[in-house]
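Data block below; observations after.
The values are calculated or read from the model by the stated rules, or taken from the named source; none is laboratory data. This one's a predicted model, so the numbers in the text were calculated from it and none came from an experiment. Because the Cβ atoms are built from the backbone with ideal geometry, glycine has one as well, and the counts that use them run over all protein chains shown.
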Amino acid sequence: MPETEFFSVRNVVKRYSSNIALDHVTMGIPEGSIYGLLGPNGAGKTTLLRIINQITAPDEGELFFKGKKFTSADISRIGYLPEERGLYRKMKVGEQTVYLARLKGMSRNEALTKLKYWFEKFEMQAWWNKKVEELSKGMQQKVQFIVTILHQPELLIFDEPFSGFDPINTNLLKNEILNLKRQGSTILFSTHDMGSVEELCDHITLINKSKTILEGNVQEIRMRHKSNLFEIGFTGDPAAVLQTLNGDFEQVDLVAEQGMHVIKVRADHRFSGNDILKRILPVAGITSFNEVIPSMNEVFIRVVESQHN
Amino acid sequence: MNKIGLIIAREYITRVRKKSFILMTFLGPVLFAALMILPGMLTTMEDTDKSTIAVVEQDSYGRPLPDSLQFFRDVIPDKENMKFVYLNNMRLQDVLKTYDADAYDGILFLSQDIISAGRETSVDFYYRKPPSLGMELHISKSLEKHIFDNKLIVNKIPVNAIQSFETKVNLKRIDWKNWQKGGEDATDIKRFLGYICGFLIYLFIFMFGAQVMRGVLEEKTSRIIEVIISSVKPFQLMLGKIIGIGLTGLTQFLAWIILTFAIAGITQQVFMPGSIKAVTEQAAPGNVMDAGTHTVQSFDSPQTESAIRDVFRQLRQVNFALVIGAFIFFFIGGYILYGSLFAAIGAASDNETDTQQFMFPISIPLIVGLLVMINTFLNPSGKLAVWFSIIPFTSPIVMMARIPFGVPPVGQILASVLLLILTFLFTTWLAAKIYRTGILMYGKKTSYREMWKWIRYKN
């Protein structure tokens, strides 16, 4: 419902002469959440982000910001870090950040005050009078990040924010994103890095071939994609365990570790975890038992591949 | 609107602060003057290689002649880059055979027939390297004079008498409109001014148009473009860039005007630059040949002072308010027209080399404009000049060359102005469509067909 959602995309269609880039995509971003936009290359993620940033207009569909129709005046409420990002190489860092902040509607003084805070926080005061081309790539990324969040937008959009970042800067960025969430910002980001999705995202939308194929809360999605796969640690004779499971359960994996064995078993719909335990209890000593919840990576691959078939 | 202002300010300030801009502002008038004078100076400069020419004279029966019987002996004086050696009793055939000996750079063969030749005759010149225009003129003038003087003697006409027969007639142009004030004519200076104005417009459109293109390309290759258009509309960015760079151009133009007037003022007081009049004459393409001699004569000649006074008096006749006003309008119009197209090229390209294929069709009308302008300045109300001063792609250059001559008919000016405005509105609209899509396309070479698709995209 657009009334309760912070930002909604409804039935958005975008066509480029012969091909369709977005086919009736609907998405609702809850307030204060971190929302992941996932999908293989060329799925239409960047097009959708560009539509949300009003860089391109949709052919059909509507967008709502806090329940109200999204207008060009709302653009200053958004901060956008595009995938293809850069800075004027010949311009000085300070001058450039003030310029970009003012384009977002800030006054010069406001921009200067906020920039001072961030430059101190990231310990980059010394860069103020340097030209961008004198900075390393990592330094430039920090400048870009500050420019994106400086005007304290209600909605932050990061397109592939971690691409090209070294692990230290990636961590810094992740922490800042979580910080921003804590301070009440709503964050939408697209990424291929499923690890960071599990780590950061509350909700996701998965787009493939211009269509939404999966949407919802990350934990719910992972639970929904459980495949009755169980991991059992035991001591004893693996052959006996295999024999008792044989026929009714599919053995996925079996590893031996320091006298202990770990087996992964998939049950079909007739059986539950308890049934597996009942079978094994008589023949081996159970040291651990848990149901395997698929990672987002697995969900991603499974869902996208099932679409291709 | 406020955002466009920010963009304009950035484009303007970053450019005006550049060292190259400041340098160009001060050196511009000097370079420009050099550009005007240089071609004239170059034609006066012969190549410094010294050529030695053998002169072979034979009588009308083809027999060789000894020194004492040679009619043309020492007739052609040596010059610093040419030396004439008069051969004694030599047959042409024999001299021709010495080609491999490398003794002479050329052979001038004179048969005594030509002494009594009628209105026109010719002599043979055998060369290793074709003679320069200067050498050809020097040889034929010397021979002509000698034959002429001889004919006077043969016909018993005193030489000083014949000189008094000669009358050179010059056309004194009188401006009918000013006949009461003595009809002071300023055609030369107006011609010169028209040429400068037309050329400046051409130069500015190319220079600053290319800056727009490079600016767009810079934003694309540095990948800042998407950051900016998430804050402002692509059209605002394009317009801001075009206006900002245009203002840079106007600033430079105004600085040049002020500097030029300052220099002219100082010159008028201190120096003796006959060069202004000389330059006017040199600038006419038809006069290039004579230019050298004029320049040489006007320096230090007794008339120099009055010539300078003439130039400055003539300058006062030019309606500078109109010329400068028209220049600003046609610069803005032509610049927006071409600047927007240059912006579209920048947007459709990924790097400087990509731009070449699109530059070509844009350069053609500009160069045509320049060529027609050169013609215009010889005949400012000719058909060619009139039409090309109305056609919008060439009108800024050609009309600007016509305006200093006086106001062309109001209808023509109105048509030119109106068409120019309509056209730059159209090209800006067209460019905006290409720009909007082009700036987000990376790593792909754009074709015209693709551009046509972009133009038809709705948003």
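For the stretch B:79-101, the set of residues classified as more than 19 Å from residue B:49 (Cβ to Cβ), assigned to a strand (DSSP E or B) and touching a residue at least 40 places away in the same chain (Cβ under 8 Å) is empty.
Whether any residue in the stretch B:358-369 is buried (at least 24 other Cβ atoms within 10 Å of the Cβ) and assigned by TED's automatic domain parsing to the domain that holds residue B:249 is what I want to check. Taking every residue of the stretch B:358-369 in turn, at least one turns out to be buried (at least 24 other Cβ atoms within 10 Å of the Cβ) and assigned by TED's automatic domain parsing to the domain that holds residue B:249.
The residue of the stretch B:220-235 that is farthest from the other protein chains (Cβ to nearest Cβ), among those that are within 17 Å of residue A:76 (Cβ to Cβ) and not in a helix (DSSP H, G or I), is B:233. Taking into account only those residues within the stretch B:167-205 that are out of contact with any Phe, Trp or Tyr (no Cβ under 8 Å at 6 or more places or on another chain) and closer than 22 Å to residue B:342 by Cα, which is farthest from the other protein chains (Cβ to nearest Cβ)? It comes out as B:199.
Filtering the stretch A:166-193 to residues that are surrounded by 15 or more Cβ atoms within 10 Å (Cβ to Cβ) and assigned to a helix (DSSP H, G or I) leaves A:169, A:170, A:172, A:173, A:174, A:176, A:177, A:180, A:181.
For the stretch A:194-257, which fully contained strands (runs of 3 or more DSSP E) count at least 1 residues that are within 30 Å of residue A:31 (Cα to Cα)? Steps first, please.
On the way: elements: A:203-208, A:211-217, A:229-236, A:249-257.
Counting at least 1 such residues, we get A:203-208, A:211-217.
Can you say whether residue B:248 is facing chain A (nearest Cβ under 10 Å) and either under 28 Å from residue B:360 (Cβ atoms) or modelled with pLDDT under 90 (or both), as far as the supplied structure shows? No. Candidates are the residues of the stretch B:422-446 that are at pLDDT 85 or above and among the small types (Gly, Ala, Ser); the one that is surrounded by the fewest Cβ atoms within 10 Å (Cβ to Cβ) is B:432.
Residue under question is residue A:85, and the condition is that it be within 8 Å of chain B (Cβ to nearest Cβ), over 25 Å from residue A:23 (Cβ atoms) and surrounded by fewer than 19 Cβ atoms within 10 Å (Cβ to Cβ); does it hold? So residue A:85 fails the test. Just one of the listed residues (A:274, A:297, A:246) is in contact (Cβ under 8 Å) with a residue 60 or more places away in the chain and exposed (fewer than 15 other Cβ atoms within 10 Å of the Cβ), namely A:297.
Within the stretch B:152-162, not a single residue is without any contact (Cβ under 8 Å) to a residue 24 or more places away in the chain and closer than 30 Å to residue B:49 by Cβ.
Taken over the stretch B:8-25, the criterion of being in a helix (DSSP H, G or I) and surrounded by fewer than 15 Cβ atoms within 10 Å (Cβ to Cβ) is satisfied by B:13, B:19, B:20, B:22, B:23.
Out of everything in the stretch A:21-59 that is more than 14 Å from chain B (Cβ to nearest Cβ) and of a type in the set (Val, Ile, Thr), what residue ends up being surrounded by the most Cβ atoms within 10 Å (Cβ to Cβ)? Top of the filtered list is A:34.
Kindly establish whether residue B:156 is modelled with pLDDT of 90 or more, among the basic types (Lys, Arg) and either assigned to a loop (DSSP other than H, G, I, E, B) or out of contact with any strand residue (DSSP E or B) (no Cβ under 8 Å at 6 or more places or on another chain) (or both). Spelling it out, it is not the case that residue B:156 is modelled with pLDDT of 90 or more, among the basic types (Lys, Arg) and either assigned to a loop (DSSP other than H, G, I, E, B) or out of contact with any strand residue (DSSP E or B) (no Cβ under 8 Å at 6 or more places or on another chain) (or both). Filter the stretch A:89-114 down to residues that are facing chain B (nearest Cβ under 8 Å) and out of contact with any Lys or Arg (no Cβ under 9 Å at 6 or more places or on another chain) and give me whichever is modelled with the highest pLDDT. Within the stretch A:89-114, the match that is modelled with the highest pLDDT is A:100. In the stretch A:90-106, the residues that are crowded, with 20+ Cβ neighbours inside 10 Å reach residues that are part of a loop (DSSP other than H, G, I, E, B) and among the aromatic types (Phe, Trp, Tyr) with C-beta atoms within less than 8 angstrom, at least six apart or across chains, in these pairs: A:93/A:128; A:96/A:88.
Restricted to the stretch B:10-30, and to residues that are touching a residue at least 60 places away in the same chain (Cβ under 8 Å) and β-branched (Val, Ile, Thr), which residue is farthest from residue A:95 (Cα to Cα)? Show your work before the answer.
To start, the set of residues in the stretch B:10-30 that are touching a residue at least 60 places away in the same chain (Cβ under 8 Å) comprises B:10-12, B:15-16, B:21, B:24-26, B:28-29.
Subsequent filtering for residues that are β-branched (Val, Ile, Thr) retains B:16, B:25.
Details: B:16: 16, B:25: 25 Å.
Of everything passing the filter in the stretch B:10-30, B:25 is farthest from residue A:95 (Cα to Cα).
Within the stretch A:58-98, which residues are part of a helix (DSSP H, G or I) and touching a helix residue (DSSP H, G or I) at 6+ places or on another chain (Cβ under 6 Å)?
Once the filter is applied, which keeps residues that are part of a helix (DSSP H, G or I) and touching a helix residue (DSSP H, G or I) at 6+ places or on another chain (Cβ under 6 Å), the stretch A:58-98 yields A:93, A:97, A:98.
Annotation: residue B:171 fulfils all but one of (1) assigned by TED's automatic domain parsing to the domain that holds residue B:108; (2) in a loop (DSSP other than H, G, I, E, B); the unmet one is (1). Test each condition in (1) among the basic types (Lys, Arg); (2) within 23 Å of the chain's Cα centre (by Cα); (3) within 14 Å of chain A (Cβ to nearest Cβ) for residue B:449 and report the one that comes out false. Only one criterion in (1) among the basic types (Lys, Arg); (2) within 23 Å of the chain's Cα centre (by Cα); (3) within 14 Å of chain A (Cβ to nearest Cβ) is unmet by residue B:449, namely (2). Remark: residue A:113 matches the filter, which requires a residue to be of a type outside the set (Lys, Arg) and exposed (fewer than 13 other Cβ atoms within 10 Å of the Cβ).
Does the stretch A:131-143 contain any residue that is within 30 Å of residue A:307 (Cα to Cα), part of a helix (DSSP H, G or I) and in contact with a helix residue (DSSP H, G or I) (Cβ under 8 Å, 6 or more places away or on another chain)? Checked the stretch A:131-143: no residue is within 30 Å of residue A:307 (Cα to Cα), part of a helix (DSSP H, G or I) and in contact with a helix residue (DSSP H, G or I) (Cβ under 8 Å, 6 or more places away or on another chain).
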